[in-house]
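Below you'll find the structure, written out as structure tokens, and then a few comments.
None of the figures in this text is laboratory data; all of them are computed from the coordinates on show. It should be emphasised that the depicted structure is a prediction, and the values quoted were computed from it without experimental measurement. Here the Cβ is made from the backbone with ideal geometry for all residues, glycine too, and neighbour counts use every protein chain on show.
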């Protein structure tokens with residue numbers, strides 16, 4: 001598995017006190033799949049503090065929408 005170019009909060013943090021459907025390995029696989037699907041180059045360029053892309057804004061959070 002490739003490590004993500006962009007370290008998104010949802011890929012590295014979750015609450016251990018709540019049941020979660022995804023393991024750390026599942027999360028890494030999902031991140032790789034999404035990065036490959038969206039395009040790693042595009043994703044790298046799109047990420048920024050004032051991104052205009054709703055998907056990228058969610059990508060850079062650890063809220064529930066990041067998992068959608």
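Estimated purely from DSSP H runs of n ≥ 4, each contributing -39500 (n - 2.57), the mean residue ellipticity at 222 nm for the chain is -12500 deg cm²/dmol once divided by its residues. Counting only alpha carbon atoms, the long axis of helix 24-38 and the longest principal axis of the chain meet at about 20°. Averaged over residues, the count of other Cβ atoms within 10 Å places the peptides 15-28, 52-65 in the sequence 52-65, 15-28, highest first.
I need to check one value: relative contact order of the chain, counting alpha carbon pairs closer than 8 Å and at least 6 residues apart, in percent. Relative contact order here is 46 percent.
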